[in-house]
Amino acid sequence: MPGVATTRLIDMIFPGQTNHHGTLFGGVALAHMDKVAFIAASRHAGHASFVTASCERIDFTAPGRLGEMVEATGRVVRAGRTSLGVEVELEAENLLTGERRLLTRGLFNMVAVKPEGGWPEGFHMPPVAPTVDPDDGVLRMVEMVFPQQASHYGQLFGGEALDAMGKAAFICASRHARQNVTMASSHQIDFVSPIKVGEMVELAARVRRVGRSSMTVEVELWAEDMLTGERRRSAEAGFVMVALGPDNRPIRVPPLP
């Protein structure tokens, strides 16, 4: 049975998501985990819509701090007749040092919404397949498209797409340089296919070229219909990111491996 890629939802911890101690709100953390469980279940089943039925006890073992990256990973570990069990881990990463900490993990039970006319005779969720994590130097992260991000045509705003692509470029460049980075410029951005509300977007970012203090990050944006599995490349762009030292002046970055 072929392996399936782990579903990864990556975001930064911003001030509006933290308490007065500068650490991530538990509710925000749970929202990230529930979202990645929903996406992982939807990608696995391919033809069903899901709701969250329950989750096991969630214990937080470490805090996520302001300015860190937070990564939620989802893997389907159990398949029932109309339900899936999704194991979710939430980790924080300091982009300057590379330090990673497990914040929490939990099992989310996702139940498929019964279609009109009921389930076909003998219906059962697809069996669990092993997960694979390709080590190809590409940063992959997923998101959902919600109505507030879309135009009156039900299509993702270009600005929202650019925001997601810029975030992916920032995280990718920060991981390579392990320094503060800023965007210096963007290359031509081509939108070749619209993205609809309810679809998943997957961003793939890779450092393509390195100068003395600059990095050119190539970002592709893919759309996926989670009910049919159809995928299409929707946009691509290159971003020039510059590493900054403590004095906010450009600083040398490591070469490509």
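The values are calculated or read from the model by the stated rules, or taken from the named source; none is laboratory data. Remember, it's a predicted structure, so these values are computed and weren't measured experimentally. Cβ coordinates were reconstructed from backbone atoms using ideal geometry, including for glycine residues, and neighbour counts include every protein chain displayed.
Here region 98-114 is the region considered, the condition is being assigned to a loop (DSSP other than H, G, I, E, B) and in contact (Cβ under 8 Å) with a residue 40 or more places away in the chain, and the residue that is farthest from R8 (Cα to Cα) is V113. Hey, does region 222-231 have a residue that's modelled with pLDDT of 95 or more and under 19 Å from I171 (Cβ atoms)? Yes, region 222-231 has at least one match. Within the set A164, A173, the sole residue that is at pLDDT 95 or above, outside any strand (DSSP E or B) and within 30 Å of A53 (Cβ to Cβ) turns out to be A164.
Scanning region 66-83 for residues that are surrounded by 15 or more Cβ atoms within 10 Å (Cβ to Cβ) and either of a type in the set (V, I, T) or in contact with a Phe, Trp or Tyr (Cβ under 6 Å, 6 or more places away or on another chain) (or both) returns V70, T73, V76, T82. Scanning region 172-200 for residues that are crowded, with 20+ Cβ neighbours inside 10 Å and in contact with a Leu (Cβ under 6 Å, 6 or more places away or on another chain) yields C172, S174, I195. Considering (1) crowded, with 18+ Cβ neighbours inside 10 Å; (2) touching a helix residue (DSSP H, G or I) at 6+ places or on another chain (Cβ under 7 Å); (3) at pLDDT 95 or above, the lone condition that F50 does not fulfil carries the number (3).
Evaluate region 161-184: report whether one residue or more is farther than 22 Å from G67 by Cα, in contact (Cβ under 8 Å) with a residue 24 or more places away in the chain and polar (S, T, N, Q). No: zero hits. Out of region 116-145, which residues are closer than 21 Å to S234 by Cα and of a type in the set (V, I, T)? Correct list: V138, V142, V145.
When the residues of region 93-132 are filtered to those that are within 18 Å of the chain's Cα centre (by Cα) and charged (D, E, K, R), which remaining residue is surrounded by the most Cβ atoms within 10 Å (Cβ to Cβ)? So the residue we want is E93.
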